[in-house]
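All of the numbers you see were taken from the coordinates with simple rules; none came from a lab. All figures in this text were calculated on a predicted structure; none of them were measured in a lab. Note: ideal-geometry Cβ built from the backbone for every residue, glycine included; neighbour counts use all protein chains shown.
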Amino acid sequence: MTTPRRLVTFEFVGLCLVAFLAVCNVTAFYNLFGYLASLGVPGSLRGLVVGSAALTAMVLYLVASPFVGVRRAPAAMLLGMAVLAGSGWAYLAVRTPLGLLGLRILNGVGHFLMGAGATSLLVTVIPPERSGQAFGIYSIAILLAFGVVPTVMDALVQYLPSPAHGYALTTLTVLPALAIVLVVRRRLPALSPDAAHDRPLPWVEIRANLLARPVAILLLLNTSYFANWSSLFFLFKGFALDKGVGNVGTFFAVLTGIMIAIRLLAGRLFDRVNKVRLMAASFLTIAVAHLALLAAGAGAIPLVGGLFGLGLGAGYPAINGLMFDFSAPRLRPLNANLMLFAVQGGSFLGPALGGALVARRGHVGYAAASVGLARAAVAVSAALPRGLAGRAGVPSPAPLREAEEIRGRAADDGRDRREEPT
């Protein structure tokens, strides 16, 4: 019997901190809509400027992730920091719509490089028997960035000449990230002895991986999860105004607090339960929470926030832990970054489609569609292979064999292509 590897190492904690600092450079732009209005950017262009960063990152996660890998991850993160720092300080000088659009695209490039590099390294230092707990802790770092940065920026706004100065100052967070990445790069040969021989995955292997049923299903479920979460985040205030609910801040404080508490305190439980059942239960809880939101009075809104926190809190570690459990070690960096592509896709589709539903059918129509989306996710999760459970901290060998077979089929495909007569 092998002794489980430690989860809390310098590399794991450091990469979580790098992810936190990277997301800080995203959440710093929470007031960008207002800043664009103050510059006279037409309302028809503001959404494009704001959303272009997420759209850029989404495209890059899809097409460029295979070229990052473990060996190139430190260089990618260092380049991403330089891009974020340069574009952040450029906001002090750039004020035209086209120029601001260009800066937002650079923001997306920088965030992709930092995020893809950190994720590629993270999956190499996670003990396989603690994948659920690891992704729970990792997600806390991201959640904290959404809570800390707007609070700090609001406190500093009276001392800053403009929001652009806040965007520039936030880029100073890359300095501690720089120190961490330099240390991790020096220790990389010990962390991943095969990193020096790491090569980009061939297209036939990438295609075979994408066509594997568990990969496709988990990407779909992760997109659904973030579509539910992001639409709720952006549309709840309008719902609260329609219902005459005043405690919007309390709702999100309870929701986020429950999410963090579950991921922090549940710990090893994420790796001792059947992750497929946990994920299905999470989506079912999200569906019930949407129904409760329609029926609840103003006084019960914090309780509904707690219900959302239960569903959203357990869902992320289960989905990402399952992808980790399924993926062969060589495919883990690629699949982890494809999960980030799904995050960006869900974060884009959630507000876009949710906003359109509110405009056409009101908040009742939006809630009904969200219930349907969550219930569909429960049904789709039943299509996952029976062996893909990640139970008791040890993934079933069946999915891992399937993952290795992907590489074998890809290699055979490549040989067949080379041997075809011309």
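Which of PRO333, PRO189, PRO74 ends up with the largest GNM mean-square fluctuation for the chain, with Cα atoms connected below 10 Å?
Highest fluctuation among the options: PRO189.
So, in nm, how far is label THR250 from label VAL148 when the simple model puts each one 7 Å beyond its Cα toward the Cβ?
Each label point is offset 7 Å from its Cα along the Cβ direction, giving 2.8 nm.
Roughly what % of Cα-Cα distances in the chain sit above 33 Å, to the whole percent?
34
Can you compute the modelled spin-label distance between VAL13 and LEU211, with each label point 7 Å from Cα toward Cβ, in nm?
4.6
Please turn the phi angles of the range 48-53 into ³J(HN,Hα) values with the Karplus equation 6.51 cos²θ - 1.76 cosθ + 1.60 (θ = phi - 60°), one per residue in order, whole Hz, x for glycine and proline.
Once rounded to whole Hz, the list reads 5, 5, 5, x, 5, 5.
Taking one equal scatterer on every alpha-carbon of the range 53-191, how large is log10 of I(q)/I(0) by Debye at q = 0.18 1/Å?
Results for the range 53-191 at q = 0.18 Å⁻¹ read -1.16.
Under the 0.36 nm per residue contour assumption, what length would be gained going from the current alpha-carbon distance of ARG95 and ALA37 to full extension?
My answer for the length gained is 19.8 nm.
Going by average Cβ density within 10 Å per residue, which order do the peptides 173-184, 44-55 take, highest to lowest?
Final packing ranking: 173-184, 44-55.
Let me have the 222 nm mean residue ellipticity of the chain computed from DSSP H runs of 4+ only, each contributing -39500 (n - 2.57), with the sum over all residues rounded to the nearest 500.
-27000 deg cm²/dmol
To the nearest 0.05, how large is the calculated FRET efficiency for LEU264 and LYS237 if R₀ is 30 Å and r is the Cβ-Cβ distance?
My answer for the efficiency is 0.65.
Can you work out ³J(HN,Hα) from phi for every residue in the range 207-222, in order, using Karplus 6.51 cos²θ - 1.76 cosθ + 1.60 and θ = phi - 60°, giving whole Hz and x for Gly and Pro?
Result, ordered by residue: 5, 4, 5, 5, 7, 5, 4, x, 5, 4, 5, 5, 5, 5, 5, 5 Hz.
Points 7 angstrom from Cα along the Cβ direction at ALA155 and ALA295: gap in nanometres?
Spacing of the two 7 Å Cα→Cβ label points: 4.1 nm.
Set the Förster distance to 30 Å, then compute FRET efficiency between LEU284 and TYR30 from the Cβ-Cβ distance, nearest 0.05.
For LEU284 and TYR30, the calculated efficiency is 0.45.
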